[in-house]
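Presented below is the structure to which this report refers.
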Amino acid sequence: MRKERRYVIQWLGASLGAALLPWGKAQRYPSRPITLIVPWSPGGSTDLTARALAPVLERILKVPVQVVNRTGGGGAVGHGAIAQARPDGYTIGIITLEVVLPPWVAQTKISADMFSPISLLVLNPVAVVVRQDAPWRTIQELIQDIRQNPGKYKASGTAKWGSYDFARLGFLKELGLKDEALPWVPTQGAAAALQELVAGGVQVAFVAIGEAANLVRSGQARYLAFMTDSRFPAFPEIPTLKELGVDWTFASFLMAAGPKFTLPSVIDVLDKAFAQAVQEAEFVRFMQNANLVIRHLDRKTSLAFLQERTQAMNRIVQELGLKF
């Protein structure tokens, strides 16, 4: 309740401040630089998307847009910074699937209802990735090795109870294996997890397809399978788990959002700006080259999407029997 009162006071303050301005100035948003917070480390899909969007948004909004990485606490630091910002539209950010994951929410006390959705931007289907010199040539060989040697190999992708950890947990559940069969090493995002993979600190990474693409193309890593319904167009030779008999799909998301109680008029301006930005040829080309899947929804549909994802993740928690 104390936190809720703080947000109400912030909203009232922002509204009163706008009301006291001359009419022309009150309508001028934005009139100064905007900070776009990324809760994850540089090099991951959230960071890449934000940095590709920033120059496009600058041209549309006609003010500087600065990308700031606020990492730590398994995404809690950055998400918290977005949620606790002044609700004036000058500090916004990109929120991720973590805000609807019950274990993460329980630990961080940061939930989807602490944000004002602006625009869904990206859906990130997950891949199972290993080093190029890994002994497994197929996902079936990896599964067999895990069954025969439970606990021998380690995996990573993000924080404990983070989105990619859920991808791993669901994968193991469909195989009839426990969490301990492939232990999780927490990191501050996909970029850090992939560094661990290349360095040999972990043997398997669960990350978005696009996040591992450069390592795969440079010959440092290999995809074993994708958690998609159908084969991914950029890598048609890689099988899906479903076609191999493992009935599991999973995708994280990236959504532009501001703190709760951000003025609706401000959210409306940002909603339209993001809608235009994701269609710009420069941004589309970058995302295609990065193998990141643009999936745009406006602010109202994004709110419904968050609510649906919250319900879906609660069902998964129940199905997995997670205790936290």
Amide proton proximity set for Phe115, modelled H, under 5 Å, gap of 5+: Lys260
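Scaled to the compact-protein estimate 2.2 N^0.38 Å, what is the alpha-carbon radius of gyration of the stretch 80-175, rounded to two decimal places? Could the numbers behind the result be given before it?
Values: Rg = 17.7 Å, N = 96, 2.2 N^0.38 = 12.5 Å.
The reported ratio for this selection is 1.42.
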Descending principal axes extents, the chain, alpha-carbon based, whole Å: 71, 44, 31
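Compute the Rg/Rh shape ratio of the stretch 182-324: radius of gyration over Kirkwood radius, all on alpha-carbon atoms. Show your work: numbers first, answer last.
Details: Rg = 17.9 Å, Rh = 18.0 Å.
When Rh is taken as the Kirkwood radius, the ratio is 1.00.
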Per-residue ³J(HN,Hα) for the stretch 185-190, Karplus 6.51 cos²θ - 1.76 cosθ + 1.60, θ = phi - 60°, Hz, x for Gly and Pro: 10, x, 9, 8, x, 5
Accessible surface of the chain [probe 1.4 Å, protein heavy atoms]: carbon and sulfur percent: 53 percent
The stretch 29-104 - Rg (one decimal) and Dmax (whole number), Cα, Å: 12.5, 40
Accessible area per residue in Å² at 1.4 Å probe, computed on the stretch 124-257: 38 Å²
Between the stretch 104-155 and the stretch 53-91, the alpha-carbon center distance in angstrom: 25 Å
Of Lys173/Lys272; Lys152/Lys242; Lys109/Lys178; Lys109/Lys154, pairs whose Cα-Cα distance is over 30 Å: Lys173/Lys272
Residues with amide H under 5 Å from that of Val67, placed H, sequence gap 5 or more: Leu36
Relative contact order (percent, whole number), the chain, Cα cutoff 8 Å, 6+ residue spacing: 26 percent
Backbone HN-Hα couplings from phi across the stretch 309-324 [Karplus 6.51/-1.76/1.60, Hz, Gly and Pro as x]: 5, 4, 5, 5, 5, 5, 5, 5, 4, 5, 5, 7, x, 6, 10, 8
Backbone HN-Hα couplings from phi across the stretch 250-259 [Karplus 6.51/-1.76/1.60, Hz, Gly and Pro as x]: 7, 9, 8, 9, 10, 9, 6, 7, x, x
Amide proton proximity set for Val122, modelled H, under 5 Å, gap of 5+: Leu254, Arg295
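For the chain, give the magnitude of the charge dipole about the Cα centre (Cβ charges: +1 Lys/Arg, -1 Asp/Glu; no others), in debye to the nearest 20. Could you put the intermediate results ahead of the total?
On the way: 35 positive and 26 negative charges, 184 e Å.
Dipole size: approximately 880 debye.
Grab the beta carbon distance between Glu319 and Arg59, set R0 = 45 Å, and tell me the FRET efficiency rounded to 0.05. Provide the component values of the computation, followed by the final result.
Numbers: r = 45 Å, r/R0 = 1.01.
With a Förster radius of 45 Å, E is 0.50.
The values are calculated or read from the model by the stated rules, or taken from the named source; none is laboratory data. None of these values were measured; they are calculated from a predicted model. Here Cβ is always computed from backbone atoms with ideal geometry, including for glycine, and neighbour counts include all displayed protein chains. Just the protein is used for accessible areas: all its heavy atoms, side chains included, with ligands, DNA and RNA removed. Shrake-Rupley method; radii C 1.70, N 1.55, O 1.52, S 1.80 Å.
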